[in-house]
Amino acid sequence: MISLRHALPSSVVAARAVALRRQPVLLRCFHSSPDKKNNFAPVAESQHQQAPVPPTPDALPVRSPNFAYLKDFTAGELLSFMMIGTVASHKSLLNMAIKAFPYVPMPLIKAFVYNIYCGGENIDEVKKTGARLAKRGINNMMISLTIEACNGNENVNPDYIVEQTQHSVNEILIPHTISMLETSGKDINAIPPGYVALKPTGFVKNAAAVLKNYNSPEYKELFEDLVSKASAVCQTIYDANQRLAQLYPSRVAPFAVGVIDAEKHELQNGVYELQRRLYKKFNKVNSPVSVVGTLQMYLSESSDLLAMEEKLAKENNYRLGLKLVRGAYIHSEKNRDTVIHKTKEDTDMNYDQGISYCIDSILAHQGNESVIGHLVVASHNAESMRLATQKTYKSEFSIGNKNKANICLGQLLGMADSVTYDLIKNDKVDNVIKYVPWGPPLETKEYLLRRLEENGDAVKNDNGFPLVRSALSTMFKRLFA
Ligand SMILES: Cc1cc2nc3c(=O)[nH]c(=O)nc-3n(C[C@H](O)[C@H](O)[C@H](O)COP(=O)(O)OP(=O)(O)OC[C@H]3O[C@@H](n4cnc5c(N)ncnc54)[C@H](O)[C@@H]3O)c2cc1C
């Protein structure tokens, strides 16, 4: 893998970010930017010779956060929002909560935090969450059996995780997707696939060592075991896609997709190798993809990595499925200064360029011919979402193009609900999903901690006191209506 760091001072990077938003830039610059010294030939040039100017988020009106979504929540959930909003309203309060979090008794976490961010403890509860989301116009989910394992969690039983994940595909995702296809009254390509997120650290004991040393003879057998366990889940997904394609032949997008989650940077080389093995086995050319891998665009090497993945896919005759995220491990990254972009603006610019490039690649075709076959734009950032929406649904290349069913927008359950609401109600986007972690509350503790940390990452106007005020006012309106 190529490791490349931006040597530009942050002021220059910030100026470039502003420039990207204001000036027309041809998207092929993403891979051929001279200051990236990309060792790989710029890929998909021919697709993008005529690439349209990316719509600039600045050209669109800025929307203030819409709290109308709160009306769909119960009194208990409104109370939780008030508590989370209060904690997120001040950095020092949030830091205190983060420090205290490991010692907070489980019943309190369950009562105030778990139900906001997690979809349930078992399959029946997750099914109910899917039905509730559908009522809010969220047509599908990315479910994730969340058992945090990378720090040597002894409770991990890889066979149990494989078995439960396969159950979750057959008992949650497929029935939910069929029900949405049959009852929503929408076009066959309007309903997004059901996604199942796969944590590579859950498929083998001592996963961190296995992923870090996947190339060494000592760990070869364990790594092969990890690949075969992930493969077993993807085979279930692939088989379901083959079966359902017979029933719904006019659908362009897959029905179910396995998504490999990205982890801490030091584990990622092993994860990339796992992704490539799965792409090769399950993402056949000219067919919908069954596997999506994740790229963390806060990594300074990520644009080169995207180019390399596209090149490898072409050479080895398979298709890429991609979930683009900014990256969740900034607070725990040991080598933050060397592996992560220097500034938030730099990450933002890289993210927006990445999603623009992938969307253009997909929309350059009408069906499943593109090398990049499927994209999940996974973000809470309203500007990135507006850019993705503009390009996918409102550009001249998108009109009448069935391949836009291969572009999906996703947010985490309990986060950025105003962004999700805006996409559905104002932009009329059908391809929106929520990431729904599920599993025993104790096992989801690290996931919940990351969500708390993210609440304070940026000054967000849909959190803090505005959220507390709006939740309180929704509660009062309900009481006195
Ligand atoms: C559906 C879904 C799936 C996800 N799956 C994964 C996954 O598999 N792996 C994973 O790691 N994350 C995952 N995430 C989390 C994601 O990576 C982000 O942490 C989260 O979405 C917040 O980023 P944002 O795009 O919403 O934007 P914002 O809230 O605008 O940006 C916050 C992000 O910007 C970056 N950032 C903040 N400050 C700086 C700085 N000073 N310098 C450089 N960069 C900075 C960080 O990545 C931070 O998380 C997922 C998110 C979603 C919605």
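Just so you know, all these numbers are worked out from the coordinates, no wet-lab data involved. Everything numeric here is computed off the predicted structure, so don't read it as measured data. Note: ideal-geometry Cβ built from the backbone for every residue, glycine included; neighbour counts use all protein chains shown.
Taking amide H as placed 1.01 Å from N in the peptide plane, Lys323 has its amide H under 5 Å from the amide H of Gly293, Thr294, Leu295, Val376, each at least 5 places away in sequence or on another chain.
The modelled label-to-label distance between Tyr103 and Asp72, using points 7 Å beyond Cα along the C-beta direction, is 3.8 nm. In vacuo Debye scattering of segment 126-275, one point per C-alpha: log10 I(q)/I(0) at q = 0.13, 0.17 Å⁻¹? Normalising to I(0) and taking log10 leaves -0.62, -0.93. Neighbours of Ala97 by Cβ distance under 12 Å: Lys/Arg scored +1, Asp/Glu scored -1, total +2. For segment 243-333, the extents of the C-alpha atoms along the principal axes are 46, 27, 18 Å, listed from largest to smallest. Geometric descriptor of segment 195-431, per residue, is 127 Å³ (volume of the convex hull of the Cα atoms). The HN-Hα couplings worked out from phi for segment 130-140 by the Karplus form 6.51 cos²θ - 1.76 cosθ + 1.60 (θ = phi - 60°) are x, 5, 5, 5, 4, 5, 8, x, 8, 7, 7 Hz, whole numbers, x standing for Gly and Pro.
Per the Debye calculation on segment 385-481 with a single equal scatterer at every Cα and no solvent contribution, log₁₀ I(q)/I(0) for q = 0.17 Å⁻¹ amounts to -0.96. At 0.36 nm per residue, and after removing the present C-alpha to C-alpha distance, how many nm does the segment from Glu163 to Asn317 gain when stretched out fully? Computed gain between Glu163 and Asn317 is 52.4 nm. For Leu198, nonlocal amide neighbours, meaning residues 5 or more places apart or on other chains whose placed amide H falls under 5 Å from its own, are Val259, Ile260, Asp261. Length gained on full extension, Lys220 to Ala111: 34.9 nm, using 0.36 nm per residue less the C-alpha separation. I need the Kirkwood Rh of segment 227-277: take the reciprocal of the average 1/r across all distinct C-alpha pairs and report it in angstrom. After inverting the mean inverse Cα-Cα distance, the result is 12.5 Å. Note on segment 291-387: Rg/Rh from C-alpha atoms, Kirkwood Rh, equals 0.98.
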